Amino acid sequence: MSEQFPIDGSRDALWMTTAVAAPPTSELTDHIDCDVAVIGGGLTGLNAAVDLADKQFSVAVVEANGLGFGASGRSGGQVNLGLNLGPKALLEKFGQQTGTRLIDLVIKTPDTVFERIKRYQLDCDPVQNGWVQGAVDNRQLKSQLTMAAEYREHGCDLEELDAETLSTRTGTSKYIGGLSCHNAGSLHPLSYTRELARVAMTKGAKIFTHSKVTGIDNRKDNQWVITTNGGSISCNQVLVCTNGYTDNVVPGLSKKVVPVRSVLAATEPLSDSLRNSILPNQITFVDKRRLILYFRYDRAGRLCVGDHGPMRDEFCIEDFNDVKQRAIDVFPQLATVKWDYHWGGRVAMTKSTLPFLHNVAPGLTAGMGYNGRGIGMGTMMGKALAESIYAKDKCAFPVTTPKPFMMHRFHSAGVSMTVKWMALRDHIDSLIQDDS
Ligand SMILES: Cc1cc2nc3c(=O)[nH]c(=O)nc-3n(C[C@H](O)[C@H](O)[C@H](O)COP(=O)(O)OP(=O)(O)OC[C@H]3O[C@@H](n4cnc5c(N)ncnc54)[C@H](O)[C@@H]3O)c2cc1C
C-alpha cells in the first residue's frame with residue numbers, strides 16, 4: 001500500500017488551497033419554515049438558490065458536508081458546450097419543439113455561465129478562451145464532423161481543425177484533426193460554488209452546512225418536512241441536487257445515477273517556455289477517445305489533467321500513474337515536471353447519458369446526471385429547477401422520468417468492466433489506424 005494512501009478527493013483537491021473563502025455558514029439546529037428547500041450545496045443547488053432568492057422565494061440550502069464537497073469542488077472546471085447526444089439525436093428523442101428548445105439551451109450554456117459570473121461578479125478565475133477536442137483516428141474525426149454539421153444547422157459554429165492548426169493551437173502533433181468551440185472555457189470550480197453561495201445568501205437564502213438530510217416526509221397540505229441530523233425544515237417545494245453523491249433519502253433516486261470516479265492531477269506551476277509550448281492560449285483541451293483525457297491550466301500556470309479513476313472514493317498515489325503517463329504521451333515536455341496535486345470525485349452517469357429534471361412527486365423535483373459535463377449543464381439545470389418553480393413555461397429542460405440501472409448494486413463491477421472494454425476498443429482503434 002502506498003505511503004500516501006489515502007488521497008481524499010475533497011481535502012486534497014488543488015482547488016481547496018486556491019479557492020476564495022467560503023461565506024460563513026452553520027449547521028441547521030432548529031426547525032425552520034421556507035418556500036423551497038434545496039438538498040445539496042454544489043453548483044446545481046446553489047444556482048437554483050440564487051435564482052429563487054432573486055425571485056423573492058425564501059430558500060434554505062442543506063449540505064451534508066462543506067460547500068462544494070461533491071463534484072463541484074473537485075471538478076476539472078471546464079465549461080463545455082454540449083450533451084452526450086448531438087442535435088439530431090435530441091430531436092429524435094424529444095421531438096421538434098422540445099428538442100429545439102433543449103438544443104438552444106445547450107448552445108447557450110458556455111455564454112450563460114460566463115455571463116452569470118460577470119453579472120454577479122463571481123471571483124472564480126473565468127477564462128473563456130475556447131475548447132479544442134482532438135481526434136486520433138478517422139472514426140473519431142468523422143463523428144466530430146457530423147456533430148459540427150448538426151450544430152451548424154442550429155446556428156452554432158464549431159470550427160473544424162486540420163492536424164496542423166490543431167497542433168499550433170495545442171502544442172501536440174498526436175492528433176489528426178479536431179473541433180474547436182470558441183465560447184467554451186474554464187473556471188475555478190470551488191470558488192464558483194462558494195461565490196454562488198455568497199450571492200444566494202446576499203439575496204436572503206439560508207445555507208446550512210454539515211447538515212445531512214436523513215428523511216423527507218410529505219405531511220398534510222402539500223407541506224414537505226425535511227429532517228437533518230440537527231434540525232428540520234417545513235417547505236412547499238424540495239429540490240434534490242445531490243448528483244453523484246445521491247443517497248437513499250429519496251427512495252429509488254440513487255438507482256437512476258451510477259457514480260463513476262474521475263481523477264485529476266496538477267503539475268507544479270509550469271515555466272513560461274513550457275506554457276508557451278503546451279496550450280499556449282490557455283484553451284481547454286480534450287481527447288476524443290472513449291476513455292476521457294482532458295487538460296486545462298489554473299491561474300498559477302499549473303496544468304490540470306483529468307482521466308477516469310478507480311471505483312472507490314479514496315485514492316492512492318498509484319491511481320494517478322495512468323493520467324500522468326497519458327498526459328506525457330500527449331505532451332512529452334511534461335516528463336520531468338513535478339506533480340503537486342492529486343484528487344478525484346464522483347461523476348454521475350445516467351442510463352440515457354443525459355441529465356434529468358425529474359418530478360419525483362408533486363413539489364419534489366430532482367435535477368442531476370451530467371455525465372461529466374456538469375459545470376455548464378449543472379448551471380443550466382439550477383436555473384431550470386428554479387424556473388420549474390417560478391415560471392414553468394420558461395423552463396427549457398424537458399421533464400423526464402429517468403430509467404433506473406438494473407443490478408445497480410453491482411455497478412462497481414459493471415463500471416470497471418466497461419472501462420476495460422472502452423480501453424480495449426481505444427487500443428484496437430489505434431492499431432487499425434496504425435495499419436491504415
Ligand atoms: C473529478 C471530476 C472532474 C470533473 N470535471 C468536469 C469538467 O471539467 N467540466 C464539467 O462540466 N464537469 C466536470 N465534472 C462534473 C461536474 O463537476 C459535476 O457534474 C457538477 O459539479 C455537479 O454539481 P452538483 O451541484 O449537481 O453536485 P455536487 O457538486 O456533487 O453536489 C452534491 C452535494 O450533495 C450533497 N449531499 C448528498 N446527499 C446529501 C444529503 N442527504 N443531505 C445533504 N446534502 C447531501 C453532497 O455532500 C454534495 O456536496 C467533473 C466531476 C468530477 C468528479
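All of the numbers you see were taken from the coordinates with simple rules; none came from a lab. Since we're looking at a predicted model, the values are computed, not measured. For neighbour counting, all protein chains shown are included, and Cβ atoms are generated from backbone atoms with ideal geometry for every residue, glycine included.
Percent of Cα pairs in segment 123-236 per distance bin of 5 Å, from zero to the largest separation: 2, 10, 12, 11, 11, 8, 8, 7, 10, 11, 7, 3, 1, 0.
Under a 5 Å amide H cut-off, with hydrogens placed 1.01 Å from N, G171 pairs with L279 among residues at least 5 apart or on other chains.
Between T379, L43, V257, the Cα set farthest toward the positive side of the dipole of the chain (charges on each charged residue's Cβ, about the Cα centre) is that of V257. Taking amide hydrogens as placed 1.01 Å from N in the peptide plane, the amide H of L293 sits under 5 Å from those of D287, each at least 5 positions away in sequence or on another chain.
With the convex hull of its Cα atoms as the shape, segment 353-410 has an orientation-averaged projected area of 4.6 nm². As a calculated quantity, the FRET efficiency between E27 and E268 at R0 = 41 Å, using C-beta atoms, amounts to about 0.65.
Among the lysines, which have Cα under 25 Å from the Cα of K338 when same-chain residues fewer than 8 positions away are ignored? Within the straight-line cut-off, K338 pairs with K174, K324. Over the chain, dividing the summed -39,500 (n - 2.57) contributions of all DSSP H runs of at least 4 residues by the number of residues returns a 222 nm mean residue ellipticity of -11000 deg cm²/dmol. Residues in segment 76-91 near a label at T100, defined as backbone nitrogen under 13 Å from the 7 Å Cα→Cβ point? Correct set: 91. Relative contact order of segment 226-348: 34 percent, from C-alpha pairs under 8 Å at least 6 residues apart in sequence.
Helix by helix, which DSSP H runs in the chain go 24 Å or more along their axis at the Cα atoms and have an average Kyte-Doolittle hydropathy of -0.5 or more? For the chain, where a helix must reach 24 Å along its axis and average at least -0.5, the hits are 87-119, 411-435.
In this structure, the pairs whose alpha-carbon distance is over 22 Å, taken from K55/K394; K88/K142; K118/K212, are K118/K212. Can you work out the PRE-style zone for K88? Point 7 Å along Cα to Cβ, and I want the residues of segment 133-147 with backbone N under 16 Å. Label zone hits: 139-147.
How far, in nm, would the chain grow between E115 and M406 when pulled straight, counting 0.36 nm per residue and subtracting the alpha carbon separation?
Between E115 and M406, full extension yields an extra 100.8 nm.
For segment 5-68, the Kirkwood estimate of the hydrodynamic radius, built from every pair of different alpha carbons, is 13.6 Å. What is the calculated FRET efficiency for I328 to T214, with r their C-beta to C-beta distance and R₀ = 56 Å, to the nearest 0.05? Result of the calculation: an efficiency of 0.75. Taking other C-beta atoms within 10 Å as the exposure proxy, I39, I7 rank I7, I39 from fewest upward. Projecting the Cα atoms of S232, F295, Q325 onto the charge dipole of segment 183-340, computed from C-beta unit charges around the Cα centre, puts S232 farthest toward the positive end. When +1 charges are put on Lys and Arg Cβ atoms and -1 charges on Asp and Glu Cβ atoms, the dipole computed for the chain relative to its Cα centre reaches about 820 debye. Comparing Q78, A13, A60 along the charge dipole axis of segment 3-81, the residue lying farthest to the positive side is Q78, per the Cβ-charge model.
Annotation: amide H-H contacts under 5 Å for V38 (H modelled 1.01 Å from N, sequence separation of 5 or more, or interchain): A60, V61, V62, L239. What separates the Cα centres of segment 34-88 and segment 288-352 is a distance of 24 Å.
Given that compact globular proteins tend to follow 2.2 N^0.38 Å, what is the ratio of the alpha-carbon Rg of the chain to that value?
0.95
Report the antiparallel proportion of the DSSP beta bridges in the chain as a percent, rounded to a multiple of 5. Taking every DSSP beta bridge with both residues in the chain, the antiparallel ones total about 70 percent. Exposure proxy ranking for D329, D221, D35, D125, based on other Cβ atoms within 10 angstrom of each Cβ and starting from the fewest, stands as D221, D329, D35, D125.
For the chain, the relative contact order is 24 percent, taking Cα pairs closer than 8 Å that sit 6 or more residues apart in sequence and dividing their mean separation by the residue count. In a DSSP loop and with at most 11 other Cβ atoms within 10 Å, there are no chymotrypsin sites (Phe, Trp or Tyr not before Pro) in segment 88-165.
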